[in-house]
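For reference, the structure is listed below as structure tokens.
The values are calculated or read from the model by the stated rules, or taken from the named source; none is laboratory data. These numbers were taken from a predicted model, which means no experiment stands behind them. Neighbour counts are summed over all protein chains in view; Cβ atoms, including those assigned to glycine, are modelled from backbone coordinates with ideal geometry.
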């Protein structure tokens, strides 16, 4: 069922950041995703589209080794990050720190805006106020939130509006200095204007980090992603240059149907 | 167009009847509370004075104050808290945040629920066997407090576990994804948001501990002591037992004195409960998500 994608992307000259081979994820006896083999290259935005229940979120969880926190979740196959097998990484916490995650619903932790962004640096042992100030400002600026919150850094993160919280979440993810940023349907709870602002942020971030963008908006993938994978019913149906998916150069009829909005 | 049909009218009548019946039941429920409090205040209040609270009993307990008993109850509660809060909170954190969901942890949970259902007199006998005799604490504050602690452990564990579980899972996942360990997540995100519920549980435990009689009767509370306790290995008087004693065991007791003791005891408990309600309201006002 797995289709070897034609490797002719703009980004594929870059080294492989994340390599996935024969990935299978199951919860108990229930297979959530199987037969996924793909590479994500440095500095690319890699889109993942597909309807609900396709296994997109499980895919992200497997990359971040979240199966450690869920005894029910089993991951088979190989995932490499910077060429290292994530199953064999001794310091999973270090691995997760290099991978920033943004969730569908914004999670403003019930801490102040400042503490939300400073949490990750503090977790890795940064204590100097001056250093933290710099990190907090830089990350909030990069997430296009600084101007709106700079005068009220001590309000609770959970009190911000939905769109602001989502940008706060992105700022928090950036405070980890991630090499890979994974966004899971970030625009679900965000208004269109904020969505466009975040998309602009992502386009800039591409210079520095690799981005995996899971989205239920096909057009969003088209706007942002260099290459895109199509997940359907727990399988990876297609991986290809994003534009090809939209011009009809696909291997599977279902990809075309989905992209053109005939189902899902 | 909007005229009431016969069915509408009948439904309306039934609804009024039920509202009346349910409201009446609620009223009946409040009645004993008002009667108890009313009687206690009516008969007990004249006895209450500074001397009553802060001097010891005299003339075979038929006169004087209740200071040793009041102090004893406070001591018993404090020592019981010192034992049960760390233990209960730690166990609840483990059960809620670390333990996998398997037959073993389910058995532990069941055991905790059953512990809550054990009658207090059984706890008392356990306390005698374990603390007084086996650990050789003798009848002492320590033995009595530990017995109370064991008895109220389920309150602390259940309250703590529930307030931990009220913290949204998304907070934990966000933290884990940042590379935080479980403990870092608990300390920085989960506990700060669960602390209100935990405190409420602790205060409820206090009020329950203060009123218990059976568990301390054989393990450390004394009928009458001329001296105040000097250490946790001494016996002590306690309000609840003192109330039992002055109500039933002493001849020629002035009628108001037991009411005064009861009023002090119930005030102590109500004070604790209102503290817990106030705390909860204050913290709910600052609800963070």
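What to note about this one:
- Looking across B:174, B:143, B:149, one residue alone is touching a helix residue (DSSP H, G or I) at 6+ places or on another chain (Cβ under 8 Å), farther than 23 Å from residue B:92 by Cβ and surrounded by 16 or more Cβ atoms within 10 Å (Cβ to Cβ). It is B:143.
- Any hit, region A:100-109, residues being crowded, with 17+ Cβ neighbours inside 10 Å, within 13 Å of chain B (Cβ to nearest Cβ), assigned to a helix (DSSP H, G or I) and modelled with pLDDT of 85 or more: no
- When region A:37-54 is filtered for residues that are within 18 Å of residue A:245 (Cβ to Cβ) and at pLDDT below 90, the ones remaining, listed by number, are A:50, A:51, A:54.
- Members of region B:183-194 that are surrounded by fewer than 16 Cβ atoms within 10 Å (Cβ to Cβ) and either at the interface with another protein chain (Cβ under 9 Å from one of its Cβ atoms) or in contact (Cβ under 8 Å) with a residue 12 or more places away in the chain (or both): B:192
- Per-region count, region A:12-32, residues closer than 23 Å to residue A:83 by Cβ and assigned to a strand (DSSP E or B): 10
- Listed by position, the helices (runs of 4 or more DSSP H) inside region B:58-133 whose residues that are touching a residue at least 24 places away in the same chain (Cβ under 8 Å), under 19 Å from the mean Cα position of the chain (by Cα) and within 14 Å of another protein chain (Cβ to nearest Cβ) number at least 2 form an empty set.
- Scan region A:136-154 for residues that are under 24 Å from residue B:186 (Cβ atoms), within 14 Å of chain B (Cβ to nearest Cβ) and surrounded by 14 or more Cβ atoms within 10 Å (Cβ to Cβ) and the total you get is 0.
- Any chance residue B:165 is away from every other protein chain (no Cβ under 14 Å) and closer than 30 Å to residue A:100 by Cβ: yes
- Residue in region B:229-240 that is away from chain A (no Cβ under 11 Å) and in a helix (DSSP H, G or I) present: yes
- Considering only residues in region A:77-99 that are at negative phi and part of a strand (DSSP E or B), the one that is farthest from the other protein chains (Cβ to nearest Cβ) turns out to be A:78.
- Any hit, region A:39-49, residues being over 15 Å from the mean Cα position of the chain (by Cα), part of a strand (DSSP E or B) and either within 14 Å of another protein chain (Cβ to nearest Cβ) or buried (at least 16 other Cβ atoms within 10 Å of the Cβ) (or both): no
- Long-range neighbours under 7 Å by Cβ, at least six apart or interchain, first residue under 18 Å from residue A:234 (Cβ atoms) within region A:249-264, second surrounded by fewer than 17 Cβ atoms within 10 Å (Cβ to Cβ) and at pLDDT 80 or above: A:263/A:257; A:264/A:51
- Yes/no for residue A:157 being away from chain B (no Cβ under 14 Å) and touching a helix residue (DSSP H, G or I) at 6+ places or on another chain (Cβ under 8 Å): no
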